[in-house]
Amino acid sequence: MDEPTTYEELAQMTDCLRPLVAPTDISTYDAIFPTSPHPKIATIASLVNELYTLFIEMGYLPPASVSFAPHTSCPISLKHAALFGLEKQVVDLLQLLPYYDGTGPDWNFGSDQAEFLYWGEFDDDLRGEGKENIWWRKFGDPLFYTDVGQRGAKAVGWNLRCKDVDEEGGEMEEEEEEEEEEKGWLMIDEPEDDDLKDKDWDEEATDDSQNTDDGEASDDEEMTDASFSDDEVVEAEEIFALQQDTLLANAALEEEEAETAAAKAKEEEEEQAFRKAIEEDPRDERLLLYMRPWHVTLNRIGNRGTVLFLNTHNFTISQTCYGNICDFRHNAIPYLRNLINNFKTLNWIPGGLYSSDHDNERYTAYQNLYLEAGWPDTFDREKFKKSRKNYETELRQRHNGQQPLRDLSEHVSTMRLRELNKLRYYHTLEELASLSSNADADERKNLEQGIDRFGREFLPAHFEPVDKDELERYKDTLNDVLKKGPEGSRTKSLRKLIAEMELEMQATSFEEKDWLLYGLRRKQALAVDSKMKAGFQWECAWRGSPIDLVDVELTPEIVKEMAREKYERYLPEQTPSSV
């Protein structure tokens, strides 16, 4: 769908939101700044202000790139807000929030633009006129659902629906807010563990078992003794009563399980009906129905990242991750406080570094850079800025200097994969040969496809020599680039590619090509400075340990052994009898 460029086009597009959304009177809103906003709206705005200020203090955003309320010279367009029927609390918040102009940031490792939170980006600037496309995205289609090639693909695949965000409920009590804030949750989806057993139930079941055993012993005694004492009679009655209670409890449990299964079946039926309704809805904008006039997003989606949805009726935040709704709604105030705290404590680094899993070296380095510059109490932003630039320069130089090592490592991985595919190929042949004549047709087809796929990686019939015409085209491109200016990174890449293609022209098989390129790659790796080589992590393993591909010159036998080790590690029961 084309984005609106005029107010009239925007008004026409909002027709698809009727009757769920209806225009409201512009007089509902304060002109520039809310005179008496709801206390929680004011608190939420204050926390967002604190977060933006923190990003400035940490050197991530340039100070001049953020405008804080009141936005007197460039206010929020109230006619656009009225067109979407936004409730006053939403507009109050929009008038209180800061806005980022997009100039910067000083670094970014996550989204395509300025990273706000987990690949989501800072919110668009709504101030001023002529921003119909921004209003449409924010209040009509914040997850870009209408930009789909296949009907309904994103709605079902990304699993965000009105019932996920629109669920209403009362505000949390202060005690609940404090309890949630102490938990330190954020970006966490922890479903209840159905496998966890109830301690009390286990103890009761144990007692039942023991008592039942005692009851069976009494039955044995009954066969040998003609009479019982009063105590024995009472004990037998208690055991019987306990057994009856256990039976009733088991029956109640079975009934509860049946009700749960029925509810689940009903939920699945409703889900299927909902998806069918999406497919049959004639409107192109059918996917927008989750937005309501009391909802507002606090940022934009960025690179299919996190979007925070605020419900101004109950002041809860729902959150998307990679375009999917997370399975939680939390009170917005402790949520935002926790978010701020994660950055303040350097648990998160602005710009896309949230843990060592994302970028271990850079994540740890940035934490140290902040601490060395006095964070948080005596932080010297200029010292941090200088240290960060020096670190990034050194990191870039090291990365470029280690490129021949990565090239060699990647090529050896390719050689090992080719040998691995040979093992898979022969094993799959054995599986196909062992199939009975009445075997499942799909199973046979899958095996045949596997044989074809693995065989393409090494069988002589599939080897294709270098296309001479393609090589000449690359040479022509290189000459054109050289005519336009001095050599740069592109000319270097073209020269490297041409040299490799000329070398490959000598090969008449997959194996010969592999070993010709291996010789070239290893020669280049041997020329790497020892300081650059220090700390490089080799990815290939041999005999259970990482192998230094510069120190060890490979042979075909070693590569085959490396492949077999990997094959047997992941497929211990599928070792072919012949290779």
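Considering only segment 531-564, state which residues are assigned to a helix (DSSP H, G or I) and out of contact with any Lys or Arg (no Cβ under 7 Å at 6 or more places or on another chain). Give the steps one after another, and end with the answer.
First pass over segment 531-564, keeping only residues assigned to a helix (DSSP H, G or I): 531-533, 556-564.
Within segment 531-564, 531, 533, 556, 557, 558, 560, 561, 564 meet the criteria.
Look at residue 430 and say whether it is of a type outside the set (A, V, I, L, M), outside the structural domain of residue 566 (by TED's automatic domain parsing) and at negative phi. First the steps, then the outcome.
Values: of a type outside the set (A, V, I, L, M): yes; outside the structural domain of residue 566 (by TED's automatic domain parsing): no; at negative phi: yes.
Considered against the rule, which asks whether it is of a type outside the set (A, V, I, L, M), outside the structural domain of residue 566 (by TED's automatic domain parsing) and at negative phi, residue 430 comes out as no.
Only one of 77, 65, 111, 73 is hydroxyl-bearing (Ser, Thr, Tyr) and within 24 Å of residue 386 (Cβ to Cβ); which?
Working: 77 fails: within 24 Å of residue 386 (Cβ to Cβ); 111 fails: within 24 Å of residue 386 (Cβ to Cβ); 73 fails: within 24 Å of residue 386 (Cβ to Cβ).
Criteria check complete, one pass: 65.
Residue by residue, here is whether (1) surrounded by fewer than 18 Cβ atoms within 10 Å (Cβ to Cβ); (2) in contact (Cβ under 8 Å) with a residue 60 or more places away in the chain holds:
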residue: 333; (1), (2): no, yes
residue: 339; (1), (2): no, yes
residue: 344; (1), (2): yes, yes
residue: 348; (1), (2): no, no
residue: 355; (1), (2): yes, no
residue: 366; (1), (2): no, no
residue: 374; (1), (2): yes, no
residue: 379; (1), (2): yes, yes
Point to revise | Among (1) more than 29 Å from residue 44 (Cβ to Cβ); (2) assigned to a loop (DSSP other than H, G, I, E, B), the one test that residue 429 misses | key: (2)
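Is it fair to say residue 15 is in the same structural domain as residue 77 (by TED's automatic domain parsing), without any contact (Cβ under 8 Å) to a residue 12 or more places away in the chain and farther than 26 Å from residue 347 by Cβ? Step through it out loud before you land on a result.
Values: in the same structural domain as residue 77 (by TED's automatic domain parsing): yes; without any contact (Cβ under 8 Å) to a residue 12 or more places away in the chain: yes; farther than 26 Å from residue 347 by Cβ: yes.
When the stated conditions are applied, residue 15 passes them.
Condition check ((1) farther than 11 Å from residue 34 by Cα; (2) out of contact with any strand residue (DSSP E or B) (no Cβ under 9 Å at 6 or more places or on another chain); (3) surrounded by 22 or more Cβ atoms within 10 Å (Cβ to Cβ)) across all residues:
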position	(1), (2), (3)
50	yes, yes, no
54	yes, yes, no
57	yes, yes, no
63	yes, yes, no
66	yes, no, no
79	yes, yes, no
82	yes, yes, no
86	yes, no, yes
92	no, yes, yes
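Any residue at all in segment 163-170 that is of a type in the set (Lys, Arg), at pLDDT below 80 and assigned to a helix (DSSP H, G or I)? Full working, then the answer.
Within segment 163-170, the subset of a type in the set (Lys, Arg) is 163.
Within this subset, residues satisfying the condition of being at pLDDT below 80 are 163.
Those still in the list that are assigned to a helix (DSSP H, G or I) too: 163.
Scanning segment 163-170, I find at least one residue that is of a type in the set (Lys, Arg), at pLDDT below 80 and assigned to a helix (DSSP H, G or I), so the answer is yes.
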Practice item. Residues that are free of Cβ contacts under 8 Å to residues at least 24 places away in the same chain and in the same structural domain as residue 518 (by TED's automatic domain parsing): find the helices (runs of 4 or more DSSP H) completely inside segment 438-504 holding 2 or more of those. Key: 441-455
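Hey, does segment 85-101 have a residue that's in contact (Cβ under 8 Å) with a residue 40 or more places away in the chain and hydroxyl-bearing (Ser, Thr, Tyr)? Full working, then the answer.
Within segment 85-101, the subset in contact (Cβ under 8 Å) with a residue 40 or more places away in the chain is 85-98, 100.
The next check asks that each one be hydroxyl-bearing (Ser, Thr, Tyr); those that pass are 100.
Among the residues of segment 85-101, at least one is in contact (Cβ under 8 Å) with a residue 40 or more places away in the chain and hydroxyl-bearing (Ser, Thr, Tyr), which makes the answer yes.
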Study note, to complete from the structure: In the set 85, 110, the lone residue that is in the same structural domain as residue 302 (by TED's automatic domain parsing) and on the phi > 0 side of the Ramachandran plot is 85
Practice item. Go through the residues of segment 505-520 one by one and say whether even a single one is at negative phi, of a type in the set (Phe, Trp, Tyr), within 34 Å of the chain's Cα centre (by Cα) and not assigned by TED's automatic domain parsing to the domain that holds residue 394. Key: no
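The values are calculated or read from the model by the stated rules, or taken from the named source; none is laboratory data. Quantities reported herein were computed from a predicted structural model and do not represent experimental measurements. Virtual Cβ from ideal backbone geometry, glycine too; neighbours counted across all protein chains shown.
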